[in-house]
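The values are calculated or read from the model by the stated rules, or taken from the named source; none is laboratory data. Keep in mind it's a predicted model, so treat the numbers as computed, not measured. In this analysis, Cβ positions are derived from the backbone assuming ideal geometry, glycine residues included, and neighbour counts consider all displayed protein chains. Just the protein is used for accessible areas: all its heavy atoms, side chains included, with ligands, DNA and RNA removed. Shrake-Rupley method; radii C 1.70, N 1.55, O 1.52, S 1.80 Å.
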Amino acid sequence: MPDSRSRETTLQGHARGTSMSAADLAGWNELVLKWLELDDQGCAVDFPETGFKWNELRRLARKFYADYETLGYAGLGRRLKTANADIARTVSQRSGEELYGAPWYGKWTKGRMIQFNTSSPYTNARGRIRKWLKAQDVKR
């Protein structure tokens, strides 16, 4: 995606009837890393984030957008790449038992919570970005 178009809010958002820019995808990976760090320290994890409930994900997404609005597309890419590498590293250092052996949040294991909040949304977003690029006739 051209940097010049990365902040256009013409991409279909995660919630029906919302729009977002391709650059507005950062946030969740760093939040997942926060969850894991708190858990590793023996602290309670306030899912999904302190001050937010699961039915307020649209408001949490707006917080992420505001948190990253001053970063350029390249800066966002670096943050996302770093967070992805950190998640891959921490997951590879954990046993299957830790990741999938017991519930971590409600009925969900740590591994499923990581997947639900990292790879699954990004797979979904990748498809929407490709559709957006095609509709916008953006050359890659």
Assess whether Tyr73 counts as being open to solvent by 40 Å² or more (accessible area, probe 1.4 Å) and touching a residue at least 60 places away in the same chain (Cβ under 8 Å).
yes
So in segment 91-114, with the set limited to residues that are in a helix (DSSP H, G or I) and farther than 15 Å from Pro48 by Cβ, which one is farthest from the chain's Cα centre (by Cα)?
Glu97
Take Lys53 and decide whether it is basic (Lys, Arg) and closer than 20 Å to Gly77 by Cα.
no
Among the residues of segment 30-39, is any of a type in the set (Phe, Trp, Tyr), open to solvent by 40 Å² or more (accessible area, probe 1.4 Å) and under 18 Å from the mean Cα position of the chain (by Cα)?
no
Does at least one position in segment 12-26 carry a residue that is modelled with pLDDT under 95 and among the acidic types (Asp, Glu)?
yes
Among the residues of segment 106-120, how many are crowded, with 16+ Cβ neighbours inside 10 Å and over 16 Å from Thr90 (Cα atoms)?
0
When only residues in segment 49-63 that are under 14 Å from the mean Cα position of the chain (by Cα) and either among the aliphatic types (A, V, I, L, M) or closer than 22 Å to Asp39 by Cα (or both) count, which is least open to solvent (accessible area, probe 1.4 Å)?
Leu60
Can you go through Leu60, Leu76, Leu38 and tell me which one is outside any loop (DSSP other than H, G, I, E, B), in contact with a Pro (Cβ under 7 Å, 6 or more places away or on another chain) and not acidic (Asp, Glu)?
Leu60
Pairs, first closer than 14 Å to Trp28 by Cβ and at pLDDT below 90 in segment 49-65, second in a helix (DSSP H, G or I) and open to solvent by 90 Å² or more (accessible area, probe 1.4 Å), C-beta under 7 Å, six or more apart
none
Pairs, please: C-beta under 8 Å, at least 6 apart or cross-chain, first residue free of Cβ contacts under 8 Å to residues at least 24 places away in the same chain and in segment 88-110, second open to solvent by 90 Å² or more (accessible area, probe 1.4 Å) and assigned to a helix (DSSP H, G or I)?
Thr109/Tyr100
Which of (1) of a type in the set (Ser, Thr, Tyr); (2) in contact (Cβ under 8 Å) with a residue 24 or more places away in the chain; (3) open to solvent by 60 Å² or more (accessible area, probe 1.4 Å); (4) under 30 Å from Glu8 (Cβ atoms) is the odd one out, the single condition Thr82 does not satisfy?
(2)
